[in-house]
Amino acid sequence: MVLIVATVLLAFPVPSWATNNPAHLFFSHSLLQGRDFSNQSLPAAEFANSNMELAKFDHSDLEGAIFSKGILTKASLKQANLTYAMLDQADFTEADLSDAVLVEALFLGSTFRHTKITGADFSDAILDREQIRQLCEVASGVNSTTGVATRSSLGCR
């Protein structure tokens, strides 16, 4: 599994801001339950292996952020920009991803139980077949930023 993720990551170029971000924030391995990160600019911030249960990231810019192995149970990421984000092996149980932009985000190994995805744009996101099947069961709406339908972005039939 690690080899697959590494191969996928090497296939995508790293945006220049990800390597040259002077405001780079490191929250990995942190207890962030209930914290409010709403309406913030946090590109390339690291939240890997953190507990973010009930945290809020509504309307935040999280482009290229790293949430690998994060606990995002009941977290709110409404209208967040998570383009190019690493969200692999994360727990999105009962999380709210409504109207989020998840373009080219990596989700391998993540769980989506009772996750709200109305209007979320998953265009070119990396998901496995089971994740897509599960998400297509509840997919609806159109993203207000990109204009892309959730079902279309997931390739639902």
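Kindly sort GLU104, GLU63, GLU130, GLU137 by accessible area of their heavy atoms, largest first, with the probe set to 1.4 Å.
GLU137, GLU130, GLU104, GLU63
If packing is taken as the average count of other Cβ atoms within 10 Å, what order do 114-124, 142-152, 66-76 fall into, highest mean first?
66-76, 114-124, 142-152
Label points 7 Å out from Cα along the Cβ direction at SER38 and THR145: separation in nm?
The answer from the label model is 1.7 nm.
Once phi is turned into ³J(HN,Hα) by the Karplus curve 6.51 cos²θ - 1.76 cosθ + 1.60 with θ = phi - 60°, what whole-Hz value does each residue of segment 41-57 show in order, with x for glycine and proline?
After applying 6.51 cos²θ - 1.76 cosθ + 1.60, I find 9, 10, x, 6, 5, 10, 10, 4, 6, 9, 9, 10, 4, 6, 6, 10, 10 Hz.
Could you give me D for segment 35-82, from Stokes-Einstein at 10 °C and 1.306 mPa s, where the hydrodynamic radius is the Kirkwood radius over C-alpha pairs? Units µm² s⁻¹, please.
155
Would you list LEU102, LEU108 from the most to the least accessible area, probe 1.4 Å?
The ranking, largest first, comes out as LEU108, LEU102.
Kirkwood Rh over Cα pairs of segment 96-157 into Stokes-Einstein at 37 °C, 0.692 mPa s: D in µm²/s?
296
Add +1 for every Lys or Arg and -1 for every Asp or Glu among the other residues with Cβ under 11 Å from the Cβ of ASP36, and state the total.
Result for the local shell: +1.
Quantify, in whole percent, the carbon and sulfur part of the accessible surface of segment 62-143 (1.4 Å probe; protein heavy atoms only).
48
Tell me the net charge near LYS69. Cut-off is 11 Å between Cβ atoms, LYS69 excluded, with +1 for each Lys or Arg and -1 for each Asp or Glu.
So the surrounding residues net to -2.
The values are calculated or read from the model by the stated rules, or taken from the named source; none is laboratory data. Only a predicted model underlies this, so the values are computations on that prediction, with no experimental measurement involved. Because the Cβ atoms are built from the backbone with ideal geometry, glycine has one as well, and the counts that use them run over all protein chains shown. Just the protein is used for accessible areas: all its heavy atoms, side chains included, with ligands, DNA and RNA removed. Shrake-Rupley method; radii C 1.70, N 1.55, O 1.52, S 1.80 Å.
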